[in-house]
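This is the structure, below, for whatever I ask next.
The values are calculated or read from the model by the stated rules, or taken from the named source; none is laboratory data. The model shown is predicted, which means the values in this text are computed figures rather than measured ones. Ideal geometry is used to build each Cβ from the backbone, glycine not excepted, and the neighbour counts take in all protein chains shown.
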Ligand SMILES: Nc1ncnc2c1ncn2[C@@H]1O[C@H](COP(=O)(O)OP(=O)(O)O)[C@@H](O)[C@H]1O
Ligand SMILES: [Mg+2]
């Protein structure tokens, strides 16, 4: 098992935002956590990455306990997070952003090769490589943020609402790319409000309701679950 | 005309010193949006340590002042690290107001420590800058002016190279853009931030030594003066910009020199603010600053 999370609770001050969740991600799997705004999806990813402290429960990556590890160490172990809201470095160029994604690496040739791979996967980034990231469109920034995470060569890629605030056509582009990344064998933990889209690429999913996981199952099961269809897909 | 050029030379020298003092303040502000009130008290502490070392080792020659400067700068750097670790890091995720109160507290603490050890009165600082002068027509070019400017420019240029071309510098630039995202790509924030505090104390002390050598005087009051000048330089030049420090420092030093020689001495401190207001009306983020979304 690549990632195993047991009874995770996340606190902000005295407020408990995530109330003891259990889930796991197998090697090569795409797993999604679906939930409305404020359900605690980002909090879970921040806890795994080590940017929120004071969490309880246990998080194992490749069998290793990663609670309270500092974020740089987590990246080194092979977990990369693309945070929500397209957080690129706006004053740096596209190329500098990509190099930044490889911050923990020192294999120059490997980094060079991976940049070329990113350009193959996201051709627009090659066109824009000398442009300041902050000047690109929302969809392009989202692509860059994902590409930057890939530059650390992660075993597990965590995506926080990659469809947020993007036009439907652009969402399609982004998800096509996520499907391509899935094909390369990288495991993905995908967090979304947009259940339909997320389940279209995921193998399994969990439904998070105000800090607690309710339903879980394969994507087919969740897609045919009437309650979920009415709550998250407006059907 | 001669008088004008003469004052320009003096102003630029003082401005170069301001620039050195401002580097640490600027970097901390650029990284964390934190007004570091303790910056001035930190570099005074370092400068006093240099002063004491020179009292012990002597201030003649080349070697003893150099060693004294390194010791003082390292002490200030180390105190900078401690300050970050115990006064700022625990509240880094809190509001900026809390950090400011903490910075004020550290400022008072450091100032008290220096005052207890070295006393409140000002002392003659052994100047190790060369005393000679060069005549350029009617203008007297003091050798120490050349040294001061050269030293500042070299140190700041070296810092620029570090920020531009090293991994540490890249981490610094990423943190300046977004501290959380920087940590998510693997920048070790808990290494880079204290290192910047250390550099601030280190370079600030070198600036303090230049200042005290230039005026042959050291006093506890150059602490608050340094914080104010650093604030002015950084507001002019733009937070986090090293070129901004140099240009902002020189503009400030030069306008002060002009004000005190063409108006009256007390106009000196006021003119800085007038220049700042003028610059901010045209460029709200300083000459080399970048607009950046305010953190809430
Ligand atoms: N920095 C924070 N401080 C205090 N409360 C927070 C903070 N971040 C999130 N929360 C709260 O935690 C809950 C979960 O938020 P979040 O994890 O961002 O949800 P989601 O990503 O699912 O929209 C929300 O009620 C939110 O208000
Ligand atoms: Mg969220």
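The conditions are (1) surrounded by fewer than 24 Cβ atoms within 10 Å (Cβ to Cβ); (2) modelled with pLDDT under 95; (3) farther than 26 Å from residue B:187 by Cα, and residue B:34 fails exactly one of them. Which is it?
(3)
Sticking with this one: Taking the stated definitions as given, is residue A:196 closer than 23 Å to residue A:42 by Cβ and without any contact (Cβ under 8 Å) to a residue 40 or more places away in the chain?
Details: closer than 23 Å to residue A:42 by Cβ: yes; without any contact (Cβ under 8 Å) to a residue 40 or more places away in the chain: yes.
So residue A:196 passes the test.
Conditions tested, residue by residue: (1) within 16 Å of ligand 1 (Cβ to nearest atom); (2) not in a helix (DSSP H, G or I).
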position: A:119; (1), (2): no, no
position: A:124; (1), (2): no, no
position: A:141; (1), (2): no, no
position: A:147; (1), (2): no, no
position: A:154; (1), (2): no, yes
position: A:157; (1), (2): no, yes
position: A:162; (1), (2): yes, yes
position: A:173; (1), (2): no, no
position: A:181; (1), (2): no, no
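For the stretch A:183-198, give me each residue that is within 16 Å of ligand 1 (Cβ to nearest atom) and surrounded by fewer than 19 Cβ atoms within 10 Å (Cβ to Cβ).
Listed by number, the list holds a single entry, A:193.
Would you check if residue A:126 is surrounded by 13 or more Cβ atoms within 10 Å (Cβ to Cβ) and away from chain B (no Cβ under 14 Å)? Write out each step before concluding.
Numbers: surrounded by 13 or more Cβ atoms within 10 Å (Cβ to Cβ): yes; away from chain B (no Cβ under 14 Å): yes.
It is true that residue A:126 is surrounded by 13 or more Cβ atoms within 10 Å (Cβ to Cβ) and away from chain B (no Cβ under 14 Å).
Which helices (runs of 4 or more DSSP H) sit wholly inside the stretch B:147-250 and have at least 2 residues that are touching a residue at least 40 places away in the same chain (Cβ under 8 Å) and within 14 Å of chain A (Cβ to nearest Cβ)?
On the way: elements: B:167-177, B:179-184, B:189-215, B:222-237.
Here the list reads B:167-177, B:189-215.
Something else about it: Just the residues that are within 16 Å of ligand 2 (Cβ to nearest atom) and within 14 Å of chain B (Cβ to nearest Cβ), please, taken from the stretch A:14-52.
Once the filter is applied, which keeps residues that are within 16 Å of ligand 2 (Cβ to nearest atom) and within 14 Å of chain B (Cβ to nearest Cβ), the stretch A:14-52 yields A:42, A:43, A:45, A:46, A:47, A:48, A:49, A:51, A:52.
Which number in (1) closer than 20 Å to residue A:189 by Cβ; (2) touching a helix residue (DSSP H, G or I) at 6+ places or on another chain (Cβ under 8 Å) marks the one condition that residue A:77 misses?
(2)
Taking the stretch A:21-41 as the search range and keeping residues that are buried (at least 22 other Cβ atoms within 10 Å of the Cβ) and near ligand 1 (Cβ under 7 Å from one of its atoms), which one is nearest to residue A:195 (Cα to Cα)?
Residue satisfying both the conditions and the ranking: A:35.
Would you confirm, using the coordinates I've provided, whether residue A:67 is without any contact (Cβ under 8 Å) to a residue 24 or more places away in the chain, surrounded by fewer than 16 Cβ atoms within 10 Å (Cβ to Cβ), farther than 30 Å from residue B:166 by Cβ and more than 14 Å from every other protein chain (Cβ to nearest Cβ)? It would help to see each step written out before you state the result.
Working: without any contact (Cβ under 8 Å) to a residue 24 or more places away in the chain: yes; surrounded by fewer than 16 Cβ atoms within 10 Å (Cβ to Cβ): yes; farther than 30 Å from residue B:166 by Cβ: yes; more than 14 Å from every other protein chain (Cβ to nearest Cβ): yes.
Here the answer is yes, as residue A:67 does meet what is asked.
Just to be sure before I move on: is residue A:151 away from ligand 2 (no atom under 16 Å from the Cβ), under 24 Å from residue B:192 (Cα atoms) and in contact (Cβ under 8 Å) with a residue 24 or more places away in the chain in the structure I sent? Spell out the reasoning first.
Details: away from ligand 2 (no atom under 16 Å from the Cβ): yes; under 24 Å from residue B:192 (Cα atoms): yes; in contact (Cβ under 8 Å) with a residue 24 or more places away in the chain: yes.
It is true that residue A:151 is away from ligand 2 (no atom under 16 Å from the Cβ), under 24 Å from residue B:192 (Cα atoms) and in contact (Cβ under 8 Å) with a residue 24 or more places away in the chain.
Residues that are more than 21 Å from residue A:147 (Cα to Cα) and modelled with pLDDT under 95, at least 1 per element: which helices (runs of 4 or more DSSP H) completely within the stretch A:1-102 meet that? Give the derivation first.
Values: elements: A:41-49, A:71-77, A:94-101.
Correct list: empty, since no element meets the threshold.
For the structure I just gave you, tell me whether residue A:161 is within 16 Å of ligand 2 (Cβ to nearest atom) and either touching a residue at least 12 places away in the same chain (Cβ under 8 Å) or touching a helix residue (DSSP H, G or I) at 6+ places or on another chain (Cβ under 7 Å) (or both).
Numbers: within 16 Å of ligand 2 (Cβ to nearest atom): yes; either touching a residue at least 12 places away in the same chain (Cβ under 8 Å) or touching a helix residue (DSSP H, G or I) at 6+ places or on another chain (Cβ under 7 Å) (or both): yes.
Against the criterion (within 16 Å of ligand 2 (Cβ to nearest atom) and either touching a residue at least 12 places away in the same chain (Cβ under 8 Å) or touching a helix residue (DSSP H, G or I) at 6+ places or on another chain (Cβ under 7 Å) (or both)), residue A:161 qualifies.
Shifting gears a bit: Could you list, in sequence order, the residues of the stretch B:126-138 that are part of a loop (DSSP other than H, G, I, E, B) and either farther than 19 Å from residue B:207 by Cα or at pLDDT 90 or above (or both)? Step through it out loud before you land on a result.
Within the stretch B:126-138, the subset part of a loop (DSSP other than H, G, I, E, B) is B:126-132, B:137-138.
Matches in the stretch B:126-138: B:132, B:137, B:138.
Inside the stretch A:162-216, can you point out the residues that are in contact with a strand residue (DSSP E or B) (Cβ under 6 Å, 6 or more places away or on another chain) and at positive phi?
Residue satisfying the conditions is A:211 alone.
Among what's in the stretch A:89-104 and is more than 8 Å from chain B (Cβ to nearest Cβ) and in contact with a helix residue (DSSP H, G or I) (Cβ under 6 Å, 6 or more places away or on another chain), pick the residue that is farthest from residue B:184 (Cα to Cα).
Within the stretch A:89-104, the match that is farthest from residue B:184 (Cα to Cα) is A:94.
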